[in-house]
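A.B. asks: Okay, here's the structure, questions in a sec.
None of the figures in this text is laboratory data; all of them are computed from the coordinates on show. No experiment lies behind these values; they were computed from the predicted model shown. All Cβ positions, glycine included, derive from the backbone under ideal geometry; neighbour counts span all protein chains shown.
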C-alpha cells in the first residue's frame, strides 16, 4: 500500500469512531474487542499525553494507549483487570515509576509499513521525558493457538525468540528491544488466539534518574471540609449567603479541597411561603436554585475550594426534582440528581426521582455524590466505584435518629464494600415556621475502609451530634490504591463477575 502522509499525534475524543473501526479490523478474530468511548474519554482525562494515534493519509489506522503505575503495587504476577483497575484506570498514578502499555494496534491493511515501530518509539520518548524507569506490558501471542497442543507457552516463546517460529506480535516486540520477564496465565481472559496466555515484556529507560517526588496535578492527600449546618430563619437569600460564605471561608482557611453542604440546606427560605401547601411552597423554593448555584460557583473560585452544594429543588417540565451541583474551583460545574425519593417526599412535596448517575472528575480525582436516601441502595455506589470513584459525598437531611442511623450505617458499609472514602453531612436544629421541616438530627462523619492503613473503626473523623460546626480531615488516595491490590480482603477485585454483573441502563 502506498501512503502519501503519516502523522503521529495525541489521540482526541473526536477520533473515537475511526479508532473503533480500526480496532474491529485489527481484532477481526476477536469479536467485540474494542474500547468503548467512555474508556477513551477517561484515558484522555487522566493522561492525555499517553494516548498516541498514527494517521495515514488523514485516517486513523492505529494507536498506543498507556497509563503510569507504581509498579511495586502490582509486581510481575498481575492480570489485565488488576493493572487497569477493572477498566476504570484508577490505577493510573502520575507519581508512579513505570509507563504501562494497555493497547497497541495497527489496522491489518497498514501493517508492514513500520507504523507500529513509530508508536513504540513515541512511547519510549515519552518514558524518557517523564523520567520513568521502564515500559512494561502484557503482550499477546496470537499464533500460539497453532502450536498449543505441541508445546508449552515457554517453549513457544523461546522458539519465537530464536526466530524458529514467527509470532506477529511477539516477534515485533522483541525486535523493538523489549525483553521477556515472565509468562502470565489468564492475563486477558477471552483471548482464544493466545489461549489466555500473555508475555510480560519490559523496555528499560537507560536515562532514568531517581529524583524527588514529581509534582502532580492529581493530589494524593485530599482535605475534606464538611459543614454541619444549623437550620435557622433567614429573611433573604443575601442573609443566608452571609452564613454560607462564613463556612466556605472557614474551610478554605484550613486549605480544604472540598466543602460539603447538606441536603435542602436552603429550606429556611420556605418560611415566606408557609401559608401555601407544602407542595406549593417547595416549588416556590425552586425559583432560587439557579441563583444559589451561581453564587456557590463564584465562592468556589474566590475561596479556591470545590463546593458540593448539598441539594435543592428544581422544576423541569413541570416535575419537581431534588438536585445539587459540584461547583469546581476552576469555574466549571456539574449537576447530580437524587434518584430515589422517600415516600414522604413523594406524598408531601410531589418529588420524583432523577435519572443521572455519574462519576465527576475533579482536580483531586474522581468523586461521586449521592443524596441521602440514595446511599441506602448499594447498587449505586458500586456502579460509581466501577467507574473509578475514590470519594463518595452524601449530603443528607434526617429528622429522627432512626432516619439518621439508616444513612450512617449504609454509608459506612459503602466505604468498606467499595474501598472508598464516604463523607456525609447533614443539618441540625429546627424550623418552626416551615411545614414538613420541623426538626433535624445529624452527625457528620468521614468513613474509611476497614484495613490496616485506616482507622480500625472505619471512622476518620466525626462531628459532635446536633451541633453547628465544621469537620475538617485529610484522606489519602494512595492508600486506596494500595488497598485495591494488597488489602486483607479485596472487595473490588474479588467480585464474582463470572456469575453476576451490575449494569446501569
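A.B. asks: For each of 297, 201, count neighbouring Cβ atoms within 10 Å of the residue's Cβ, then give the residues from fewest to most. Mind dumping the intermediate values first?
C.D. replies: Details: 297 19, 201 22.
Ordered from fewest to most neighbouring Cβ atoms within 10 Å, 297, 201 come out as 297, 201.
A.B. asks: Sticking with the crude label model, points 7 Å out along Cα→Cβ, report the distance from residue 95 to residue 195 in nm, one decimal please.
C.D. replies: 4.3
A.B. asks: How many times 2.2 N^0.38 Å is the alpha carbon radius of gyration of the range 95-209?
C.D. replies: Values: Rg = 14.5 Å, N = 115, 2.2 N^0.38 = 13.4 Å.
So the range 95-209 has a normalised radius of gyration of 1.09.
A.B. asks: What area, in nm² and to one decimal, does the C-alpha convex hull of the range 6-204 cast on average over all directions? Walk me through the numbers on the way to the answer.
C.D. replies: Details: hull surface 41.2 nm².
With the hull built on Cα positions only, its mean projection is 10.3 nm².
A.B. asks: Taking N as the number of residues in the range 1-68, what is its alpha-carbon radius of gyration divided by 2.2 N^0.38 Å?
C.D. replies: Details: Rg = 12.1 Å, N = 68, 2.2 N^0.38 = 10.9 Å.
So the range 1-68 has a normalised radius of gyration of 1.11.
A.B. asks: Separate question: Using only Cα atoms, locate the centre of the range 360-435 and the centre of the range 119-151, then give the distance between them in Å, rounded to an integer.
C.D. replies: Spelled out, the Cα-based centre of one part sits 42 Å from the other.
A.B. asks: Now a separate question. Between residue 38 and residue 109, what is the label-to-label distance in nm when each label sits 7 Å out along the Cα-to-Cβ direction?
C.D. replies: Simple spin-label model gives 3.2 nm for this pair.
A.B. asks: So what's Rg/Rh here for the range 47-89, counting alpha carbon atoms and using the Kirkwood radius for Rh?
C.D. replies: On the way: Rg = 13.8 Å, Rh = 12.3 Å.
Rg/Rh for the range 47-89 comes to 1.12.
A.B. asks: I've got another one for you. Using a Förster distance of 22 angstrom, determine the FRET efficiency expected from the C-beta separation of residue 207 and residue 9, and round it to 0.05.
C.D. replies: Working: r = 24 Å, r/R0 = 1.09.
Result of the calculation: an efficiency of 0.40.
A.B. asks: How much FRET efficiency would the formula 1/(1 + (r/R0)^6) give for residue 70 and residue 152, where r is the Cβ-Cβ distance and R0 is 45 Å, rounded to 0.05?
C.D. replies: On the way: r = 32 Å, r/R0 = 0.71.
Once rounded, the FRET efficiency stands at 0.90.
A.B. asks: Based on the Cα atoms of the range 329-484, what semi-axes does the equivalent ellipsoid have, where each is the square root of 5 times one gyration tensor eigenvalue, given in whole Å with the largest first? Don't jump to the answer; show the numbers that get you there.
C.D. replies: Details: eigenvalues 136, 72, 42 Å².
Semi-axes (√(5λ), whole Å): 26, 19, 15.
A.B. asks: Of all beta bridges DSSP finds with both residues in the chain, what is the antiparallel percent, to the nearest 5? Let's see the in-between values first.
C.D. replies: Numbers: 61 of 83 bridges.
Roughly 75 percent of the DSSP beta bridges within the chain come out antiparallel.
A.B. asks: Give me the percent of DSSP beta bridges within the range 330-465 that run antiparallel, rounded to the nearest 5.
C.D. replies: Numbers: 11 of 19 bridges.
Among the beta bridges of the range 330-465, antiparallel pairing accounts for roughly 60 percent.
A.B. asks: Could you please tell me the mean projected area of the C-alpha convex hull for the chain, averaged over all directions and given in square nanometres to one decimal?
C.D. replies: Details: hull surface 104.9 nm².
In nm², the orientation-averaged hull projection of the chain is 26.2.
A.B. asks: Is the range 293-384 best put as rounded, prolate or oblate by its Cα gyration tensor, with a ≥ b ≥ c the root eigenvalues, rounded for a/c under 1.5, and otherwise prolate when a/b is larger than b/c, oblate when not? If you can, show how the numbers build up before the last one.
C.D. replies: Numbers: a/c = 2.58, a/b = 1.46, b/c = 1.77.
It is oblate, given that a/c is not under 1.5 and a/b is not larger than b/c.
A.B. asks: So between residue 490 and residue 175, what do we pick up on full extension, going 0.36 nm a residue minus the alpha carbon distance? Write down the numbers at each step before the final one.
C.D. replies: Values: separation 315, 0.36 × 315 = 113.40 nm, distance 3.82 nm.
Separation in residues times 0.36 nm, less the Cα-Cα distance, equals 109.6 nm.
A.B. asks: Further question: How much length, in nm to one decimal, is gained on full extension between residue 182 and residue 290, taken as 0.36 nm per residue of separation minus their Cα-Cα distance? Walk me through the intermediate numbers first.
C.D. replies: Numbers: separation 108, 0.36 × 108 = 38.88 nm, distance 5.73 nm.
This chain segment gains 33.2 nm when fully extended.
A.B. asks: What distance in nm lies between label points placed 7 Å from Cα along the C-beta direction at residue 17 and residue 469?
C.D. replies: Between residue 17 and residue 469, the label points sit 5.7 nm apart.
A.B. asks: Can I ask one more? Using a cut-off of under 19 Å, list every residue of the range 334-370 whose amide N is near the label point 7 Å from the Cα of residue 280 along the Cα-to-beta-carbon line.
C.D. replies: 347-351, by backbone N distance to the label point.
A.B. asks: Give me the Kirkwood hydrodynamic radius of the range 221-486, using the inverse of the mean 1/r over all pairs of distinct Cα atoms, in Å to one decimal. Please report the intermediate quantities before stating the final value.
C.D. replies: Details: mean 1/r = 0.0549 Å⁻¹.
Hydrodynamic radius (Kirkwood, Cα only) of the range 221-486 equals 18.2 Å.
A.B. asks: At 0.36 nm per residue, minus the direct Cα-Cα distance, what do residue 124 and residue 233 gain on full extension? Give it in nm, one decimal, please. Write out the running numbers ahead of the final one.
C.D. replies: Numbers: separation 109, 0.36 × 109 = 39.24 nm, distance 6.26 nm.
Stretched fully, the residue 124-residue 233 segment lengthens by 33.0 nm.
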